Amino acid sequence: MRCWLKIEEMALEELMQRLNAVSQCADEIMHQDIIPLYAADIQDQLKKQFAYLSGGRGGDGCPVITFPDYPAFSEIPEKEFQNVLTYLTSIPSLRDAGIGFILVIDRRQDKWTSVKASILRIAASFPGNLQLVLVLRPTGFFHRALSDIAFRFNKDELKMKVPIIMLGSVSELQGYIDKTQLTEDLGGTLDYCHNRWLSRRTAIEGFAQKVKQTAQILQSFGTELAETELPNDVQSTSSLLATHTEKKDKMKEDIRVAVEQGDDILGSITKPVTENPDYKLNQDQLDNQTTVERLLAQLHETETAFDEFWMKHQQKLEQCLRLRNFEQNFREVKAALDIVSERLSAFTDVGNSRSHVEHILKDLANFKEKSDETVTKAKMLASERDAFIQSNHYAVDSIIPKCSELHHLCDAFTTEIERRRKLLNKSLELHDLLEKSMKWCDEGIYLLASQPVDKCQSQDGAESALQEIEKFLDTGAGNKIKELNKIYEEYAHILNEDLKDHVQKVFQKQESMEEMFQKRQVSLKKLAAKQTRPVQPVAPRPEAFVKSPCTSPGLQRENVSNSESSALRRVNYRKAKSETTELHQSRGGSTMDDEENLAVLRQHVMNELIETERAYVEELLCVLEGYAAEMDNPLMAHLIPPELQNKKDILFGNMEEIYHFHNRIFLRELETYVEYPELVGRCFLDQMEDFQIYEKYCQNKPRSESLWRQFSDSVFFQECQRKLDHKLSLDSYLLKPVQRITKYQLLLKEMLKYSKNCEGAEDLQEALTSILGILKAVNDSMHQIAITGYDGNLNELGKLLMQGSFNVWTDHKKGHTKVKDLARFKPMQRHLFLHEKAVLFCKKREENGEGYEKAPSYSYKHSLNMAAVGITENVKGDAKKFEIWYNAREEVYIVQAPTPEVKATWVNEIRKVLTSQLQACREASQHRTLEQTQSLPLPASSCASPSRNHIRNTKKMEEKKADLTSLEGCGATVAPKYPEKGKGWAKPSHSLDASEENDGWSSAEEALNSSDAEEEGAGGAGEIKLTPGKYTVVTDYDKGVSEEFTVKSGDLVQLIREGEDGLWFVKNLSSGREGWIPASNLLMLIGNSKSAQSLSSSESGTASSNLSTSSSCSDSCNVSSTSFSDIKG
């Protein structure tokens, strides 16, 4: 840097010297250093032409100055006279001026007195050397004679430094000066124009001034450039270079204009010669030519000196700009290297499975590919070091350390990424070894499970099994872990606590499997020994082991933490397992082998569950990082269509929430059950509430699908897919959550299939039921969000219980006759939505499009408040029809289901809703009656204490009477109050009556019939009389007269008729089967279940004693959702 500053100072000093020399030379050329007088300054005085320098020369080269006849010569001011003479004498070269001037004074038209005065004035004021004075005296006779006489007498008075010769004619003048050196007015041939001479002199002097000014301006500009401080940033340096270049270009333009000006002047001087080669320039013209050529030479020298200086200055600025660019690039590249190094430091995970390691390796490869660009930039920048050195850059001392630092950082990054890759490859090698060992163990367990127990009882079968085992064990040389310590030593640099535990578990599994093989070999060798008598293979009874692990109290639910409950279950599991092992040992190896087979299958399902869960989590992360995060990446913003911006939440929904749940919670919980797969149901139950997030995702899926279809061809998605190296597009990955939530129920079914006799079977069944419930809720919600035209809030209707499409006829009391007749033949297609508080009738409308865009919508028509609804289960002539009637059968809807099973499901669900509402109403009435009873005074006792049975019976009778009283209160004839249309429940706008005669049933009969039955029991009859009707089974039964007839707890049965020997003919409405059951068993089956009369119609089809309780229950209970209508007695 100091060297460069010294060079800069030397360049400026040289420029100043050369430009000063040009200025001085210009003054010398124009004699301005002696007489600083310009023609432009005395132009008006020169124009008077009382004296001029024609360019003529005397015999010895003396310049000739002519004083023409000028009448007002005496009136010229002295200052002007002096200026003109001084200027004219300064024009010839110093050599010619040194010889002396010849003055030609033309006074031929003047008087002698004027001649005398002119001579005296010239003699007194002439500034130069005089060689000769030639005077043309007056031509008039008188003045000519007078001048001769006067000149003789005044010769001493006119005495000058040089002789004065009085001439009488031009011919005499030509004797002294050649004719070619005299102008035409003096009889000569010299071409002279005073105006042209004046113009040329002005131009030459102006050009000389231009040359001098250019040199002076360049001096100032050079000083400015040299004193400018160099900026510290790229933008300022570029701006400074551009500004200086612009000024330089302007200076170069001024020089070019000046050169053109000089060339024009020189051309005008030499023009006569150019036009006529024989033409010879006079001495004055030759002097002018020489003067202009010398000035042009000085101008070229000026330009050359400036160009040399500018070249050095420009080089300095360009090197400065290059330095600033290098420094800026160095900062950017170093920051980028720091970032990639920091990201590389995050690759500390060595993976917990082969797929995980492969995924990390793929991420590392992608990271390396992305970071290669940064490393390449850094290396390219560092390679500029040699270029800086070769160009003799002034700041090479500060550049070399930075280049060395970049080389070091690049080498360190490359070394570290290679080290990470080797670690991951080593981890992959270890996981390959572990997977081989696990696969070998699984194959061994499958081999043990696949060997038939009965065939192994024979000597040949045992020997064959032994050979299979020995052959399999021979394959373990390249598959199993041989020495655990060597594994620890070889992979010590990648073994963390989790991986070390995994290695230990695999090794323990391998040891356990080998121990199983050893035990099997011992057993088979005993069987293979030569036997003295044949052994009859006997298959053990499976019942011997069925219940032992299932009765463990370890699954009692307690309000404890997940970790505590999991630990408790595992302790119970180990305890049950040890007990089972003892039981197996006592009962032989057959049952143990069966249990081993089931254990292998359970472990297989568990492995599939965990592996697919890990893959699912990785896929979600891949989508979130590769697509969702890229939508916020500024570098990718230009690829995103404007309509797609700020719509990430629509496209991906709550996928991020799903990912965090599975990655942070569910996957980790699943992995804790890897050794206890039969208990995994509890894991699902513990997290069941969190699975509700899938409902939100599925509800958003139509919007996401629609958005994807609009922009599926976007360059943004194609670029993201290319970076991720995905074969499938984004829409396939957006479907993963929907596929995953449906996959769980399949895996749970498989696990339950192999765990029916295990400790966690109940939890598995409950988890399966819950998952199916979530799937149903998701499916129902997808339909519910498609409802259009409903004015109220669907959430206020309670939980959505059922939804489906039906044929619907209407049979209303109010309606036109033709409309009723038309209803018989033309059913309406309606989609029904059953909520806890209402049933909605909608019209299904198919939409055009693809995928989710083709999903139907449902146009809302009307709704019925469940508080005023009743149903009739059977409609004559069609097993798929049932009735929904409203407001005391003022409106009747005949509903035809697709199948009888769908009908039964809907009837059961509606029955549950009505039953729950009735139960709530009855509990409210009982509570109110109890409060009234407590407020009355107690009667006086006139006898001893009653017996316990009498007290219990009396109390039960009072309770039932209270129930009847409350129901009678509910049967008041107060008109029901329903919300107006548009503010709650909308009533149908049209009424169509069906002509079929239907059997009606009401949900409130349950209370009446149950009360009657209990009163009979309380009355002391001692026997409950069975009557035909429908009942709910409270316990399982499989010992009927007909072996095919079985019922389970919760089934709905219909007592059809009573036969002989105390048998009843019963139909299982759940399975459709029929059979005979003894009355005693039947009483045990139905227990205290409620009579079918409470929820079904009678076979006679009569409908008498209808009681309307819809409004009274709602009024008395103050709960609108528990009021009912049309209770049939």
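Computed values, structure above
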{"item": "Residue 488 accessible area, assembled protein chains, probe 1.4 Å, Å²", "result": "40"}
{"item": "With DNA, RNA and ligands ignored, accessible area of residue 311 (1.4 Å probe; Å², nearest 10)", "result": "120"}
{"item": "Positive-end extreme of charge dipole, region 691-842 - chosen from 758, 798, 716 (charges on Cβ)", "result": "798"}
{"item": "Virtual spin-label span in nm between residue 439 and residue 389, 7 Å along Cα→Cβ", "result": "5.5"}
{"item": "Estimated dipole of region 727-773 in Debye, rounded to 20 [Cβ of Lys and Arg +1, of Asp and Glu -1, Cα centre]", "result": "340"}
{"item": "Among 702, 692, 674 the positive-end extreme of the charge dipole of region 621-741 (Cβ point charges)", "result": "702"}
{"item": "Shape of region 417-496, Cα gyration tensor, a/c cut at 1.5", "result": "prolate"}
{"item": "Virtual spin-label span in nm between residue 615 and residue 699, 7 Å along Cα→Cβ", "result": "3.2"}
{"item": "Relative contact order for region 302-452, counting Cα pairs under 8 Å that sit 6 or more residues apart, in percent", "result": "31"}
{"item": "292, 273, reordered so the largest accessible area comes first (probe 1.4 Å)", "result": "273, 292"}
{"item": "Cα-derived Rg over Rh, computed across region 867-929 with Rh taken as Kirkwood radius", "result": "1.09"}
{"item": "Heavy-atom SASA rank of 348, 1046 (probe 1.4 Å, accessible area, largest first)", "result": "348, 1046"}
{"item": "Cα point-scatterer Debye curve for region 334-459, base-10 log of I(q)/I(0) at q = 0.15 Å⁻¹", "result": "-0.80"}
{"item": "Listed residues 480, 1030 arranged by accessible area, highest first, probe 1.4 Å", "result": "480, 1030"}
{"item": "Pairs from 362/743; 701/903; 362/426; 826/880; 455/526; 210/312 whose Cα-Cα separation, in the structure shown, is over 20 Å", "result": "362/743; 701/903; 210/312"}
{"item": "Label zone at residue 139, where the point sits 7 Å out along the Cα-to-Cβ direction: region 96-125 residues whose backbone N lies under 14 Å", "result": "106-111"}
{"item": "With DNA, RNA and ligands ignored, accessible area of residue 380 (1.4 Å probe; Å², nearest 10)", "result": "120"}
{"item": "Relative contact order of region 194-349, defined on C-alpha pairs under 8 angstrom at six or more residues apart (%)", "result": "37"}
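The values are calculated or read from the model by the stated rules, or taken from the named source; none is laboratory data. Model, not experiment: these values are computed from the prediction. Neighbour counts run over all protein chains shown; Cβ positions are idealised from the backbone, glycine included. Please note that ligands, DNA and RNA were not included when accessible areas were found on the heavy atoms of the full protein model with its side chains. Shrake-Rupley method; radii C 1.70, N 1.55, O 1.52, S 1.80 Å.
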